[in-house]
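Below is one structure, written out as structure tokens, with a few remarks after it.
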Amino acid sequence: MRFSKVLIVAGFLVGHCLTGAFAQPSPPGTAETVVNGKKVTIAYSRPSMRGRKIMGELVPFDKVWRTGANKSTEFKTEATLTVGNTVIPAGTYTIYTLPSATGWKLIINKQTGQWGTEYDQSKDLARIDMKVGKTAAPVEQFTI
């Protein structure tokens, strides 16, 4: 009896995967570079516009954004980095951003492994002003 239930569940999952019912609207992405021989990696999910207005609506201004979708955006550096005037020691962090209509802040947070919306400001290592610019055309899928 138990074996047949497993087969039914497995069949359901395979059927849904083949029909795209579990297709990821925000697939995983990574950005990686090497600084002085040491790896720096960002792992995140890549949401798409899909006809929506993102900044200022889906992602409201003046509220912390997970900077991607799904699980929190992970920032791992083997090197000590200086970003703006802030020293970021080698380690693993979460990246958030604080978008506004007039500028953005990059937030480096010491809490890791959480769902993207579980933000704890008391764990901030730094909030760094970012340079903001506009793209020539809308970008359909978020990319770091």
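The values are calculated or read from the model by the stated rules, or taken from the named source; none is laboratory data. What you see is a predicted model; the values in this text were computed from it and never measured. Cβ coordinates were reconstructed from backbone atoms using ideal geometry, including for glycine residues, and neighbour counts include every protein chain displayed. Accessible surface areas use protein heavy atoms only, side chains included; no ligands, DNA or RNA. Shrake-Rupley method; radii C 1.70, N 1.55, O 1.52, S 1.80 Å.
One decimal place: the segment Thr102-Met55 gains 15.7 nm when fully extended, by the rule 0.36 nm per residue minus the C-alpha distance.
Shown here for the stretch 52-98: GluC sites (Glu not before Pro) in loop regions (DSSP other than H, G, I, E, B) with at most 10 other Cβ atoms within 10 Å, namely Glu57. Normalised by 2.2 N^0.38 Å, where N is the number of residues, the alpha-carbon radius of gyration of the stretch 93-144 equals 1.30. Extension gain, Thr117 to Thr143: 0.36 nm times the residue separation minus the Cα-Cα distance gives 7.5 nm.
Would you mind checking the stretch 127-144 for residues with the amide N under 11 Å from a putative spin-label position 7 Å along Cα→C-beta of Ser48? Counting backbone N atoms under 11 Å from the label point, the list is 140-142. Accessible surface of the stretch 47-144, 1.4 Å probe: 53 percent of it comes from carbon and sulfur atoms. Along its principal axes, the stretch 33-95 has C-alpha extents of 41, 22, 16 angstrom, given from the largest down.
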